[in-house]
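Some notes on the structure that comes next.
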Amino acid sequence: MIAFTQRLLAPQLLRPLFWSLFAFALVMAVLPKPPQTPIDNLGDKFAHMLAFASLTGVAALAWRQASRWAIMLRLALFGAAIEVVQAVPKLHRTSDLRDWLADCAAIALAMLIAQLLIRILPLDEIT
């Protein structure tokens, strides 16, 4: 089971996953009319928090040696950039500071959980 966990959480798998999630979040954020998703009923803030918690968790596990503050800062800047882009009138989207605050809250919570997982799971042999 330990070997399976180590392979599943190997940076070689997690880094492409991170960039796929990043691209998906960016596309969904800038599409003028994004497609319906199963989580739409849970609200916009939930979608923001799910996206940024996922990005943070995967980034923290994919780049374990990187500064946690650097990861959180970069993802917070990504969230802020999304809000700036959504302010462009031609996109017919709305920019909302509360969306960015939801992103930041999810980033902080997900990083805390990721750090706990890194301490608990036997990931020492993989970098």
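The values are calculated or read from the model by the stated rules, or taken from the named source; none is laboratory data. This one's a predicted model, so the numbers in the text were calculated from it and none came from an experiment. In this analysis, Cβ positions are derived from the backbone assuming ideal geometry, glycine residues included, and neighbour counts consider all displayed protein chains.
Per-structure values
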item	result
Members of the range 31-55 that are free of Cβ contacts under 8 Å to residues at least 24 places away in the same chain and outside any loop (DSSP other than H, G, I, E, B)	40, 41, 42, 46, 47
Top-ranked residue in the range 41-67 [being charged (D, E, K, R) and over 14 Å from residue 115 (Cα atoms); ranked as modelled with the highest pLDDT]	45
Matching residues, the range 49-85, being touching a Lys or Arg at 6+ places or on another chain (Cβ under 9 Å) and surrounded by 17 or more Cβ atoms within 10 Å (Cβ to Cβ)	58, 59, 60, 62, 63
Residue count, the range 56-102 (criterion: over 21 Å from residue 31 (Cα atoms), in contact (Cβ under 8 Å) with a residue 24 or more places away in the chain and not in a helix (DSSP H, G or I))	3
Given (1) part of a helix (DSSP H, G or I); (2) over 29 Å from residue 11 (Cα atoms), number of the condition residue 23 does not satisfy	(2)
Meets criteria (surrounded by fewer than 17 Cβ atoms within 10 Å (Cβ to Cβ), more than 15 Å from the chain's Cα centre (by Cα), in contact (Cβ under 8 Å) with a residue 40 or more places away in the chain and closer than 21 Å to residue 8 by Cα) for residue 118	yes
Check on residue 54, in contact with a Leu (Cβ under 6 Å, 6 or more places away or on another chain) and of a type in the set (Ser, Thr, Tyr)	yes
